[in-house]
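The values are calculated or read from the model by the stated rules, or taken from the named source; none is laboratory data. Every value quoted in this text rests on a predicted model; they were computed, and no experiment measured them. Reconstructed Cβ throughout: ideal geometry from the backbone, glycine too, with neighbour counts over all protein chains shown.
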């Protein structure tokens, strides 16, 4: 739950509000307390903040009460949401508020009137609220898997019923819920069209709307702060202009004129009108078909990133003109070449393709569009064929080995037999770097947050090749993992409980594993790859597993070397405290002026000298992680 | 081994500069016109000039030299006869281009009478090569950068030594010295004037110096141009261009099939970014170049305590922080870089998938091209080509994790094997090999709800659509369209450099359909409109509508604009804060209207000051006038 709110803070900070309603409390703190007892609201619905998290952490668990009713808690929660919505709407009229209720229950609380569920559901459906029920398994915490109390079974059944009546609801078991919660999805992307207008085919204009389908996302932006000053201060970057020949002379920005380099000379443009003449002007918004061409004329690897989706403006009207055109394009195996200017006064029109696409979900014909390169973007040189040297061409046995390799290393989108060989771009392949970044933020906020390890392991799983995963799991099986379990203690048992074991790894899989091993050996023997000496030098041994643990490894080290002398001084100084007390701590070594100059050197020295010990510690980490893999 | 060393160096410096000597044969045979009144000399000079000026406007910093051989006059450091260095090796400037242009416009006047042909037909090539090596040597001493040195020879004579064995031996020895240092020689031979060009006679011995060179690789350095063809100049130009652009690898990385099996591959970019001449700033007084520096300054609330002094920080003294729930989470630079550097370097294959599952929208960023690097790892080529063959045969692509350099982000990529693609003139459009297509992550693909179409697609409309498509069919090639923005900039800069008045109407945006072709299919379009009920507008109508809309907007705007300008003149004139609210464009317009001068790169605050100054001047003038009147 903490992670969920952290996530809300991360991504929806300004635009969302959260409130907590507790079920089964002794008090009855809610506006409708007369009708719904034993339900209390901890705070008003407000923007997510740290206070809220500390509030959650301060909640004291109470004994189960049989008299509480889940449904009435839902009613209270939805009433609160509606109130909140009304308040918001007074400020801005056309506001659409997405309302979601997450209900965390262990299933031991009952539902009082199971017969009236349908009636209640109809009432609730009016308000367009999304319900997410998360079943925490109390039994799992205690370690007994198979026993479920009667009440739990009953409530589960009732909730199942309830969801069938509701418009928008889902029941998630804890395991599944955590899987989705533990991934940091970026900001909720608003469905905002990038272009509305006509697709012009000659004189015909088909009304269309364009949405972005795929686009590159960047690392989250951050502000700069000073490592030098003792108090937290933001850093602003300022620009200044100097003569290249004499950097001591500063030039006023208003005394500059624009120029272009022309080889060794510089072309001066003192007159602004002259500069304007270099630019392309007067472009109008268009989405115009230049012509159609064979599909094979478009070279896949010449496409420039990003892709748009083109939908008809009003699917009902115009007798699906766009769909018909798309179908015709598909049948003739052609692709349109279009001129696109999405906004007026852009610098340059872009050349795009227009491809027919059948949406698998709705079975309707729509179009995809993306940028094509101009001549200037194509490299001007020719490559020699790598197959010219006949002595280096593969022979039949080598080809056969590769053939088998491809067969046995096929990835599938849904492969229930072997989860290691699953790969679906549309599901669960998040950017590991940004995921790591967000998890590091959580780690900094609350180092004891139990889920961080799981998150970071998941990230590591994403970038581990399936064959390696397989090997790791086999290796860890051979390990004496009872001992390891004991060392890890309770923590692991909890993890084990949360994640149902997949013990279904059949013998078939074992055979497959062996076949794969044999194929790899085949390739090794047949191809006889010889590493040259340069290879080792070239390669950075550290780069393979620079997982975030290394950050922790390095920082204390630097402290040791650097600040042995200053240690006494340091202890007297209190930690710097910012807006929230103990959550954020400034690492003191950066605050010291003298250290900063040597910072780079020292670190470099550390890397060299301590490489051996680092490697060792890395190995240990690997063992632990493979254990996690097994458990999950 | 030599090549391998170069490879390493290019990776480490990353900014390898090229230097090229254009060696142009200037004997009388080069001046024989063909049936289109073109001469080989003129064409080679023109090609050299165009390639040079193209490089300049694209912001390249390659160095060029032009050297004529077989001339009457001589100008070289060793005083060899018949060798004339026209342009020393350097990044060319306006003057250099202008000089070449002058020679080309009047060859008789500027070349033949000044420099002239040599009377001796026999040439000592060892002297020519010696001159070249001194040109290169001078340069490498002067600057420490590593240059990819190349010599481009333009000639139509296949046997310049006239079968003199002694000279041949001397030349070949000298040439070997050059190639040993890594200097490459490219030959552009003109044929069709005096029969065919026989490369066996002399040039093959020069060019094919390397021991392991196979038949094909020697051809790589040899281009033959038929002077009898009408398009010979464009062929020459494109060939010189292709030779001039050196293949620059982005680096060599490892391609791992499994953790134990790996090969070495060179990575090239298959699409390049826009190349533009560098825009710079100059000091308006001294006309010297100005550089921009970024300082990091603490934003202090207690500036008063420090007497308003700014605390300037170095880059290592700045950390980054992330805004989180009203507070900041702090990261030191090391933490951020280790997060950004997360992940293994190189390419790791995860597995294979059938080609159909690679959707068109699975594409972000520019793609790359891989070639095996046998020097790094023996056996790379064999495994690479086996993989290539099998991937094409089985119609699969590989999913891999890609990280080119340490500080580059991780990305999943599709490795797709493609066969070579040639255009109509059998020039390579795309080479054979394995390409890297960058895939989006799950959070980069958006799920857009698409409503189900209630209505079935009318087959009649599909049929009409088909015939429309047939009518608008054309042959598209990746090289079909030029970027109008870049072309306009290039031409503008050329014209400015050559001091021609800027006439930008020459460059037009041509990314439009063929209007005439569309008119023929008018009936089909009308049929389509009748069937579907979509709008029908000819291009003229559209233009008119657009103009009308623009006029409406403009009248509104103009009204608004004049109103605002009036406001500026009447009400807000004294209040600095109010003047700040006007846009940069408005302020500029106002200053233009009252004839106050300002500079092109001037900032808003300075403009605001100027407006204030103008008004205060106006007031004092008015006061003076009033006093005078009184």
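Restricting attention to segment A:188-196, does a residue exist that is farther than 30 Å from residue A:429 by Cβ, within 7 Å of chain B (Cβ to nearest Cβ) and at pLDDT 80 or above? Give the derivation first.
We begin by selecting, within segment A:188-196, every residue farther than 30 Å from residue A:429 by Cβ; these are A:196.
From what's left, within 7 Å of chain B (Cβ to nearest Cβ): none.
No, the conditions are met nowhere in segment A:188-196.
Okay, residues lined up against (1) more than 10 Å from chain A (Cβ to nearest Cβ); (2) part of a loop (DSSP other than H, G, I, E, B):
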site	(1), (2)
B:224	yes, no
B:238	no, no
B:254	no, no
B:259	no, yes
B:271	no, yes
*Of (1) facing chain A (nearest Cβ under 7 Å); (2) farther than 29 Å from residue B:373 by Cα, residue B:439 satisfies all except one. Which?*
(2)
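In the set B:53, B:61, which member is touching a residue at least 24 places away in the same chain (Cβ under 8 Å), under 20 Å from the mean Cα position of the chain (by Cα) and not in a helix (DSSP H, G or I)? First the steps, then the outcome.
On the way: B:53 fails: not in a helix (DSSP H, G or I).
Step by step, each of B:53, B:61 is checked, and only B:61 is touching a residue at least 24 places away in the same chain (Cβ under 8 Å), under 20 Å from the mean Cα position of the chain (by Cα) and not in a helix (DSSP H, G or I).
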*asked:* Going residue by residue through segment B:351-358, is there one that turns out to be touching a helix residue (DSSP H, G or I) at 6+ places or on another chain (Cβ under 7 Å), touching a residue at least 24 places away in the same chain (Cβ under 8 Å), in a strand (DSSP E or B) and facing chain A (nearest Cβ under 7 Å)?
replied: yes
*asked:* Which numbered condition in (1) more than 8 Å from every other protein chain (Cβ to nearest Cβ); (2) assigned to a helix (DSSP H, G or I); (3) out of contact with any helix residue (DSSP H, G or I) (no Cβ under 7 Å at 6 or more places or on another chain) is the only one that residue B:414 fails?
replied: (2)
*Taking segment B:185-210 on its own, how many of its residues are away from every other protein chain (no Cβ under 14 Å) and either modelled with pLDDT under 70 or assigned to a loop (DSSP other than H, G, I, E, B) (or both)?*
14
*Residue satisfying condition, being facing chain B (nearest Cβ under 7 Å) and within 22 Å of residue A:516 (Cβ to Cβ), within set A:398, A:404*: A:398
*Return a yes/no flag: does segment B:521-538 have any residue that is under 26 Å from residue A:262 (Cβ atoms) and touching a residue at least 60 places away in the same chain (Cβ under 8 Å).*
no
*Could we say that residue B:263 is away from chain A (no Cβ under 11 Å) and either more than 16 Å from the chain's Cα centre (by Cα) or surrounded by fewer than 20 Cβ atoms within 10 Å (Cβ to Cβ) (or both) here?*
no
_Those residues of segment B:240-252 which are surrounded by 18 or more Cβ atoms within 10 Å (Cβ to Cβ) and assigned to a helix (DSSP H, G or I), in sequence order_ = B:240, B:243, B:244
*Could you count how many residues in segment B:375-395 are in contact with a helix residue (DSSP H, G or I) (Cβ under 8 Å, 6 or more places away or on another chain) and either buried (at least 21 other Cβ atoms within 10 Å of the Cβ) or at the interface with chain A (Cβ under 7 Å from one of its Cβ atoms) (or both)?*
13
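Please go through segment B:76-87 and give me each residue that is at pLDDT below 85 and within 17 Å of residue B:22 (Cβ to Cβ), ordered by number.
Filtering segment B:76-87 down to residues at pLDDT below 85 leaves B:76-82.
Result: B:76, B:82.
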*Check whether at least one residue in segment B:68-88 is touching a residue at least 60 places away in the same chain (Cβ under 8 Å), crowded, with 23+ Cβ neighbours inside 10 Å, away from every other protein chain (no Cβ under 12 Å) and assigned to a strand (DSSP E or B), and report yes or no.*
no
*Residue ID - farthest from the other protein chains (Cβ to nearest Cβ), chosen from residues in segment B:275-295 that are touching a residue at least 12 places away in the same chain (Cβ under 8 Å) and surrounded by 15 or more Cβ atoms within 10 Å (Cβ to Cβ)*: B:276
*residue A:349 is checked against (1) under 14 Å from residue B:511 (Cβ atoms); (2) over 36 Å from the mean Cα position of the chain (by Cα) and fails just one. What number does that condition carry?*
(2)
*Report, by residue number, each residue of segment B:457-468 that is closer than 17 Å to residue B:521 by Cβ and within 7 Å of chain A (Cβ to nearest Cβ).*
B:461, B:462, B:465, B:466, B:468
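Give A:322, A:346 a once-over and let me know the one that is assigned to a helix (DSSP H, G or I) and more than 7 Å from chain B (Cβ to nearest Cβ). It would help to see each step written out before you state the result.
Values: A:346 fails: assigned to a helix (DSSP H, G or I).
Of A:322, A:346, the one residue that is assigned to a helix (DSSP H, G or I) and more than 7 Å from chain B (Cβ to nearest Cβ) is A:322.
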_Every residue from segment A:280-311 that is more than 7 Å from chain B (Cβ to nearest Cβ), part of a loop (DSSP other than H, G, I, E, B) and farther than 23 Å from residue B:422 by Cα_ = A:281, A:282, A:283, A:285
*Considering segment A:264-279 alone, what residues qualify as being out of contact with any strand residue (DSSP E or B) (no Cβ under 9 Å at 6 or more places or on another chain) and part of a loop (DSSP other than H, G, I, E, B)?*
A:271, A:279
_Residue among B:602, B:609, B:589, B:613 that is under 19 Å from residue A:255 (Cβ atoms), touching a helix residue (DSSP H, G or I) at 6+ places or on another chain (Cβ under 8 Å) and in the same structural domain as residue B:576 (by TED's automatic domain parsing)_ = B:602
*asked:* If I ask for residues that are touching a helix residue (DSSP H, G or I) at 6+ places or on another chain (Cβ under 6 Å), in contact (Cβ under 8 Å) with a residue 12 or more places away in the chain and buried (at least 19 other Cβ atoms within 10 Å of the Cβ), which ones from segment B:457-487 would you list?
replied: B:461, B:464, B:465, B:468, B:478, B:483, B:486
